[in-house]
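A short worksheet on the structure shown next.
The values are calculated or read from the model by the stated rules, or taken from the named source; none is laboratory data. Given the structure is predicted, the values throughout are model-derived calculations rather than measurements. Backbone-built Cβ (ideal geometry, glycine too); neighbour counts: all protein chains shown. Remember, those area values only see protein heavy atoms, side chains included, never the ligands or the DNA or RNA. Shrake-Rupley method; radii C 1.70, N 1.55, O 1.52, S 1.80 Å.
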Amino acid sequence: MAFEKLCSPIKIGNMELKNRTVLMAMGRPIADFDSSPNERTFNYIVNFAKNHVGLIIPGYFQVRDDEIHQSSLSMSLYDDKFIPELKKMTDAVHKYGSKIAFQINYPGLVTYGGERLPAKGPDDYTVEEIKDFEIAYMQAGIRAKEAGADAVEFHLAHNYLAESFLAPCFNHRTDEYGADTVENGLRFSLECIALLRNALGEDYPIIAKINAFDRLENGLTPERMVAAGKMLEEAGISMITVSAGGMISGVTDMAGDGTRTEGWKVPFAEMLRKEVSIPVCASGSIRHPDFAEKILEEGKCDLIGMGRTFTADPEWMVKVEENRVDEIRYCISCMSCISLYPAGEAGCSVNPLNCREFQKNELKKDGNGRLVAIVGAGPAGLEAAVNFAKRGFKPVVFEAKNQIGGMERISSLPDAKSKTTWHIDYYQRMINKLCIDVRLNTTATPEMLKNLNPYATVIATGAEQVVPAGLPGINLPHVKIGTEFLDSGERFTNHNVVVVGAGLVGLEIAHTLAAAKNHVTVIDMALVHPDSMTTQLNYPLTKGYCEMNGAEIKMGHKLQSISTSEVTAEDITTGETVIIPATDVILCMGSKSRTALYDEVKNILPNVTLIGDSIKVARIRNAVQAGYDVALNPEHDVYPASRIMKAAVMNDYSGKTSIEEIEIDAPASHEVLVKLIATGICGTDLGSRTTPLAKPNILGHEGAGIVEQVGPDVTDLKKGDHVILTYPTCGKCPMYSTGRSYACSNLTALAFYGHMPDMTTRLHNRKHQEVYNFFAQSSFAEYAVVMDTAAIKIDKDIDHTVLGPLGCGYMTGAGAVLNAANAQAEDTIAIFGCGSVGFSALMAAKIRNCKTIIAVSGSEEKLLFAKELGATHIVNRSKVKDAVSEIRKITGGLGVNYAVDTTGSQPMIDLEQSALANGGKHIIVSTFSTLTFKTAEMLMKGQQIVIVTEGNDDSHKLIPELIEYYKEGKFPVEKLATFYDLDDIEQAYEDLAAHKIIKPILRMSK
């Protein structure tokens, strides 16, 4: 066997692995909001077992829930509720002969994306609190074992809580938990391990991950790591993995990006292995089987820990075993996987199926030699060609340049990006192996393509950089276009260089030239670069390398002109003119798609698809996924990758909206894109304008429209369906599965955290900044991407403009009576507040034929309208001395069976409680107010309080019911509506706040 050592078994304590490979824990944001695994998580993990990975460590499992997770959508073990789903995962892994370990941890000083509590470290905890943490680690370990994990990994690395006790730079305690000695610094960890050992048994493997260094002054050192490793062995640890760095240490000191040589942490694993007798696992950008085999044979380690290597190619070990290493896709260390990405979008630049394992994406071998024309040999076109060939098609690839790779080849030219060529090399090997016809130096024309008579045509002609015409000095000889500069191979030193554009291309060029001892200034008109506000790791890494090499980055500086020796820019914050010396000016001002050929052939050839940067300039991973997907289904409907629409945007907390052009992306898994016809403005929208929600955002959470596009895995809706939009639900929690979706465990997160369930947003402004969601919907716009569970199909002949608000306000009021109260004909009911919710409740009481329906308000006009809608009695609070007496008089002194509050006002709550009959129910419709109740009095009278959210019913049941009532004329909501165009949303807000109208409805389409 070519890789005998790598393929040989090894024992970790009493656990035997079938080979020497370990999937390292990675922060992949693919769990649910509540940290439980879902279908996406399950299939992602099990796929590694299917492909023969020896030991799988799925990721970080939080041991407590009182601080932010390491990353959004990671898994946890702080509660027994996680055990059943995790057990399904471990059972599936065991089916394929792999072992699985759960890494238990607490973030401590490290926070990702904000925190619910201030970050704390060793200095901040009492001894009692330390003991509590130790118990939490033990309990998490017990749950891991109950969930079927073969081992637990104790996380002693990456600046997290346990490592922060060991590192003197974080730990300044002077007691027995201080870091003055290795023994004291390790005390917390050893006590945790002792508790785990006692709870889990002597034979259960406990492994550890430890840092070799932090790259911080007075931080962890290799020598301290070795000393700690020896003590861990004495404590019963069965294996140690050696890592390094951390988020506090600095992103450039932890990341295994292109600056790292293969196996950069191996020497530290070797140091430890010489001092301990237990197995040691090495890590650090290990990519190639021959390298892994060599360090095993040399005794530098016992196991090979890899994360992104398996991300790039989960079949890595199978291909090693079958001697097909020429087919391995190697990780190019681009760090694109360390980010958030929509469900259904690949989480890796070179693996189009990563994090999409849950979808039905298997290639059918049914090409039967049919010809497919592919224009462009960049990553999109090449990925399409390889997979068409695997299916049995005959791909013909046209490339205008003299070599393959497209923009991916250009992206490999800056410093620290050379590993990108590994992906191009993979394509070249597959081209040779699959005998793909690639025609270099050939510019495809419509005639060429037509003469081929192709079954399908894929246009992947990429993009070209933007050059602003007419800018003074733009055509001077020392002004270069970024991609052309890289491709030319030109390099120099001691020049004054101005790079225009602080995107990744601009920063990579700046890093390269600054490292070559040039004085580099980067200018960009954006005040903050969009990527700096996301979790894309590429941006802070590249920016960090620029600054380390002395490049100066000036955000908020707009290029005005270029002369032979300088650049003139405007500081857009101060208005001042800034002069920057420049012997060289390099333009990296964005790119625009090339679509000319597609426009020429789309109507004359069958199955023509535009993919990659040709349709939307994005990342390598988007291009590769597009190439795979078109090979999977070349006959699919062609949709744009995004649309430009008009929307009402909240940019700050002033309460004012701005009508802007917004880019909305295509729907992801279990999502649909809806072209909106009308949407109601709800009181929640009105109140949310000035609340501390993430900005910029688009409000709106009611709506009606037509499905324009369905995302992957949507089964109940199709293009052309007419739908009502309603509140979002997770689709899996116990509340949802028992028909109580209105109480979804994740409703708060979905409604107010600003993201879709995968923690991304489909919305971006023209500055390419994220625009945050509201209720996973944001319907104050011409289009909305919504979860498929939040779109309810309706008949096409219904007036959408009238029913736009049905999915929240109307449903809430009606449901309060139909469900929460379940009012009957013999009942008496008083409805307090005459807004759209109150009137909806009143109409529902009329539907139930309640014998007494009392409307209570301070507006005579609205009370007269209430009579028209079905109120049997009205009480005008502004005219009567004692509203309670009036209500009791109407009810023969008994009071009402149901008091429905739609005001959220404490004085009204008190009045309502006094008007309630013995045994009655006080129905509180959704309010964000803090209210008090006379509970002792209610106890003695047998009264109840019922809080209503979204009508206290499954919207998929209640909305169709209300539509039937509407058709029968029993729910005449059209009488409540006042219509406004989207451009007039500020007037609608003003009129609603002034109580001039009942229900404002925005019309998106005439």
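How do ASP175, ASP425 stack up against each other in accessible area, from largest to smallest, with a 1.4 angstrom probe?
Ranked list, largest accessible area first: ASP425, ASP175.
Work out how far the C-alpha atoms of the range 101-232 reach from end to end along every principal axis, then list the three figures in whole Å, largest first.
On the principal axes, the range 101-232 reaches 40, 36, 27 Å in Cα extent.
Using just the alpha carbons, could you tell me how many Å³ per residue the convex hull of the range 13-98 encloses?
101
Please compute the modelled spin-label separation between ASP599 and LYS646, points set 7 Å along Cα→Cβ, answer in nm with one decimal.
Taking the two extended label points, one gets 2.4 nm.
Let me see the pair-distance distribution of the range 311-403: every alpha carbon pair, 10 Å bin width, integer percents in order.
For the range 311-403, the pair-distance distribution reads 15, 35, 40, 10.
In nanometres, what is the gap between the two model label sites at THR583 and LYS793, each 7 Å from Cα along Cα-to-Cβ?
In this crude label model, THR583 to LYS793 measures out at 6.9 nm.
What do you get for Rg/Rh of the range 784-931 when both radii come from the Cα atoms and Rh is the Kirkwood radius? Mind dumping the intermediate values first?
Details: Rg = 16.0 Å, Rh = 15.8 Å.
Ratio of gyration radius to Kirkwood radius: 1.01.
In units of 2.2 N^0.38 Å, what is the alpha-carbon radius of gyration of the range 773-814?
It is 1.22.
Please report, in cubic angstrom per residue, the volume enclosed by the convex hull of the alpha-carbon atoms of the range 406-496.
158
Taking just the C-alpha trace of the range 256-306, give me its Rg and Dmax in Å.
Spelled out, the Cα radius of gyration and Dmax of the range 256-306 are 10.4, 33 Å.
Sorted by mean Cβ packing within 10 Å, highest first, what order do the peptides 907-914, 609-616 take?
Top to bottom by mean Cβ count within 10 Å: 609-616, 907-914.
Could you work out the pair-distance distribution P(r) of the range 3-44 from its alpha-carbon pairs, with 5 angstrom bin width and percents rounded to whole numbers?
Cα pair-distance distribution for the range 3-44, in percent: 5, 18, 17, 14, 11, 17, 13, 4, 1.
Along its three principal axes, how long is the chain when you only count alpha carbons? Whole Å, largest extent first please.
95, 75, 65
Have a look at the DSSP beta bridges in the chain and tell me what percent are antiparallel, nearest 5.
DSSP beta bridges in the chain are roughly 35 percent antiparallel.
Using the alpha-carbon atoms, what tilt in degrees (0 to 90, nearest 10) does helix 620-632 show relative to the longest principal axis of the chain?
Helix 620-632 sits roughly 80 degrees off the main axis of the chain.
In the range 1-53, what GluC sites (Glu not before Pro) fall in a loop by DSSP, with at most 13 other Cβ atoms inside 10 Å?
Details: sites: GLU4, GLU16, GLU39; in loops: GLU4.
Taking the range 1-53 and a limit of 13 other Cβ atoms within 10 Å, the loop GluC sites (Glu not before Pro) found are GLU4.
Between the helical axis of 127-146 and the dominant principal axis of the chain, each derived from Cα atoms, what acute angle in degrees is found, rounded to the nearest 10?
Taking the Cα atoms of the chain, the angle to 127-146 is about 80 degrees.
If you build the convex hull over the alpha carbons only and average its shadow over all orientations, what do you get for the range 415-564? Give it in nm² to one decimal.
Mean projected area of the Cα convex hull: 12.6 nm².
Can you give the Kirkwood hydrodynamic radius for the range 185-248, in Å, rounded to one decimal and based on Cα pairs?
After inverting the pairwise mean of 1/r, the radius is 12.5 Å.
As I understand it, the value is the acute angle between the Cα axis of helix 379-390 and the longest principal axis of the Cα atoms of the chain; what does it come to in degrees, rounded to 10?
Between helix and principal axis, roughly 80 degrees.
Tell me, what is the 1.4 Å probe accessible area of CYS730, in Å² to the nearest 10?
40
For n ≥ 4 DSSP H runs only, could you compute -39500 (n - 2.57) per run for the chain, divide by its residues and tell me the 222 nm figure to the nearest 500?
-8500 deg cm²/dmol
Return one quarter of the surface area of the convex hull spanned by the alpha-carbon atoms of the range 858-1006, equal to its mean projected area, in nm².
Averaged projected area of the range 858-1006's Cα convex hull equals 11.2 nm².
Measuring with a 1.4 Å probe in the full set of protein chains, what accessible area per residue, in whole Å², belongs to the chain?
37
So if the hydrodynamic radius of the range 496-624 is defined as the Kirkwood radius over C-alpha pairs, what does Stokes-Einstein give as its diffusion coefficient at 25 °C and 0.890 mPa s, in µm² per second?
Stokes-Einstein gives a translational diffusion coefficient of 150 µm²/s.
Within the range 565-661, which GluC sites (Glu not before Pro) sit in a loop by DSSP and count at most 14 neighbouring Cβ atoms inside 10 Å?
Here the sparse-neighbourhood loop sites are GLU576, GLU635.
Heavy atoms only, probe 1.4 angstrom, no DNA, RNA or ligands counted: give me TRP316, TRP264, TRP422 ranked by accessible area, highest first. Let's see the in-between values first.
Details: TRP316 0, TRP264 30, TRP422 55 Å².
So, going from the largest accessible area down, we get TRP422, TRP264, TRP316.
What does the convex hull of the Cα atoms of the range 859-917 come to per residue, in Å³, rounded to a whole number?
87
Using a 1.4 Å probe on the protein heavy atoms, what percent of the accessible area of the chain belongs to carbon and sulfur?
Exposed carbon and sulfur together represent 50 percent of the surface.
Can you list, bin by bin at 5 Å, the percent of alpha carbon pairs in the range 584-650, starting at 0?
Per 5 Å bin, starting at 0, the Cα pair percentages come out as 3, 14, 19, 22, 17, 11, 7, 5, 2, 0.
Roughly how many nanometres apart are two label points built 7 Å out from the Cα toward the Cβ at GLU990 and LEU363?
Simple spin-label model gives 6.1 nm for this pair.
Return the inverse of the average 1/r over all pairs of distinct C-alpha atoms in the range 928-989, which is the Kirkwood hydrodynamic radius, in Å to one decimal. It would help to have the intermediate numbers written out before the result.
On the way: mean 1/r = 0.0623 Å⁻¹.
Answer for the range 928-989: a Kirkwood hydrodynamic radius of 16.0 Å.
Please give the Cα centre distance for the range 424-495 versus the range 222-297, rounded to the nearest Å.
Using only Cα atoms, the two centres lie 41 Å from each other.
If you filter the range 386-494 for GluC sites (Glu not before Pro), then keep DSSP loop positions with at most 10 other Cβ within 10 Å, what is left? Walk me through the numbers on the way to the answer.
On the way: sites: GLU399, GLU408, GLU447, GLU464, GLU484, GLU490; in loops: GLU399, GLU490.
Answer in residue order: GLU490.
So what is the relative contact order of the chain, in percent, for Cα pairs below 8 Å that sit 6 or more residues apart?
Answer for the chain is 7 percent.
Hey, what does the equivalent ellipsoid look like for the range 896-954, semi-axes from the Cα gyration tensor as sqrt of 5 times each eigenvalue, largest first, whole Å?
Working: eigenvalues 65, 37, 19 Å².
So the equivalent ellipsoid measures 18, 14, 10 Å along its semi-axes.
Any of LYS81/LYS145; LYS300/LYS417; LYS846/LYS867; LYS675/LYS767; LYS616/LYS767 with alpha carbons more than 18 Å apart? Name them for me.
Going by Cα-Cα distance, LYS300/LYS417; LYS675/LYS767 fall outside the 18 Å limit.
In square nanometres and to one decimal, what's the mean projected area of the convex hull around the Cα atoms of the range 717-822? Display every interim value, and only then the final one.
Working: hull surface 32.2 nm².
Over every viewing direction, the Cα hull of the range 717-822 projects on average to 8.1 nm².
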